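The values are calculated or read from the model by the stated rules, or taken from the named source; none is laboratory data. In this text, all values refer to a predicted model and were calculated from it rather than measured experimentally. Here the Cβ positions follow ideal geometry from the backbone for every residue, glycine too, while neighbour counts run over all protein chains shown.
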Amino acid sequence: MAEKNQLDTQSIITFPNDDWRAKTGAISSAVEELEQGKILFFPHLGYPLNTQQQSLLDPALVDPKRKNISYDVGRHQIKGVANSEKEPQVRKLLEDYYQACSALIDTVLPEYQSVLRRPVNSLRLHPVSEWRNKSSWRKDDSRLHVDAFPSRPNYGERILRIFTNINPHGEDRVWRIGEPFPQLAERYLPKLAGFSPFKSWLQHKLHITKTPRSHYDHLMLQMHDKMKSDDNYQKNGQQITQRFPPGSSWICFSDQTPHAAMSGQFMLEQTFLLSVKDMHNPDASPLRTLQRITNKRLL
């Protein structure tokens, strides 16, 4: 129990914000806590939907071929809406959510405001149980993992995500949260296969990946897969359960914080990428951590 309480203290940092756009001034510890792999939790920061937006909370709105509805803010490109008549409403909701998230970054993490890039967000309408029932273990996000992109190598860039529970029925979003990344890396690196530059080149030529995988991307993707396939780790690894109620939001680096979505339905999610060099403490990044442990340049 002491170990669990220690992980709880290490993993979740609670903030009082209840307004996305309130200019309350920067929270001095937020960047440092976030870069250590902690989750910034805002229990009173909801994203209320109007009556028209409430009508969008229907899983049938998602294209059956896709997991979620996504919106590329930079390209103004939306994907995954099954009903074209509803697309303008969905687009407006996701654009407005992006604006709110941007305002929150300006307030809580202002040093990131000018350096975050490639904003993409999503409207998640299916219950978590549907992922579990229809996905392979590799795609099952109810298994503890760190995020890595199979087809889009990111060369060490950080994956910053903001989540908001918009469930109208009072259902919590329930996560499991795992151990600190350095401990995780020490656990799994000895189990990972070696990197092959030729294989990386070939995967790119065969259009399996959009660009060649770096050694870093190879390790992160393998770690993602090893974690998810390790039943003993899923059951017995160091972890806590955290409930995120409707009307709450949370932020984490999802490439660093082991997480698993266990239950819940209806969520907004905003993703940004951040260069390691633009971090307050680049040495806390997964890239630098893996380089220290392997004693190799991974890019």
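Which is in contact with a Gly (Cβ under 7 Å, 6 or more places away or on another chain), polar (S, T, N, Q), touching a residue at least 60 places away in the same chain (Cβ under 8 Å) and crowded, with 17+ Cβ neighbours inside 10 Å, of GLN239, GLN270, GLN265, GLN234?
After ruling out the rest, the residue left standing is GLN239.
May I ask you to list pairs of residues, at least six apart or on different chains, whose Cβ atoms are under 7 Å apart, with the first in region 72-88 being under 16 Å from LEU57 (Cα atoms) and the second being surrounded by 15 or more Cβ atoms within 10 Å (Cβ to Cβ) and of a type in the set (Ser, Thr, Tyr)?
Filtered contacts from region 72-88: GLY80/SER70.
So in region 12-34, with the set limited to residues that are of a type outside the set (A, V, I, L, M, F, W, C) and modelled with pLDDT under 90, which one is nearest to ALA103 (Cα to Cα)?
Going through the qualifying residues, I end up with ARG21.
Could you please tell me which pairs satisfy a Cβ distance under 7 Å, a separation of 6+ or placement on different chains, a first residue in region 219-231 that is touching a residue at least 12 places away in the same chain (Cβ under 8 Å) and under 16 Å from ALA260 (Cα atoms), and a second residue that is among the charged types (D, E, K, R) and not in a helix (DSSP H, G or I)?
Close Cβ pairs (under 7 Å, with a partner that is among the charged types (D, E, K, R) and not in a helix (DSSP H, G or I)) amount to LYS228/ASP140; LYS228/ARG143.
Scan region 182-197 and report the pairs whose first residue is under 19 Å from ASP147 (Cβ atoms) and whose second residue is surrounded by 12 or more Cβ atoms within 10 Å (Cβ to Cβ) and β-branched (Val, Ile, Thr), with Cβ atoms within less than 7 Å and a gap of 6+ or a chain change.
PRO182/THR289; ALA185/THR289; ALA185/ILE293; LEU189/ILE293; LEU189/THR294
If you check every pair at least six apart or on different chains, which have Cβ atoms under 7 Å apart with a residue in region 138-161 that is under 19 Å from PRO212 (Cβ atoms) and aliphatic (A, V, I, L, M) first and a residue that is at pLDDT 95 or above and assigned to a loop (DSSP other than H, G, I, E, B) second?
ALA148/ASP255
Filter region 136-184 down to the residues that are surrounded by fewer than 22 Cβ atoms within 10 Å (Cβ to Cβ) and among the small types (Gly, Ala, Ser), then identify the one that is nearest to the chain's Cα centre (by Cα).
Ranking the candidates gives SER142 first.
I'd like to know if region 196-211 contains one or more residues that are over 29 Å from SER142 (Cβ atoms), among the polar types (S, T, N, Q) and not in a loop (DSSP other than H, G, I, E, B).
Yes: one or more hits.
Among the residues of region 66-117, count how many are assigned to a loop (DSSP other than H, G, I, E, B), surrounded by fewer than 13 Cβ atoms within 10 Å (Cβ to Cβ) and not polar (S, T, N, Q).
3
Could you check, for region 119-135, whether at least one of its residues is at pLDDT below 95, in a loop (DSSP other than H, G, I, E, B) and surrounded by 17 or more Cβ atoms within 10 Å (Cβ to Cβ)?
No, the conditions are met nowhere in region 119-135.
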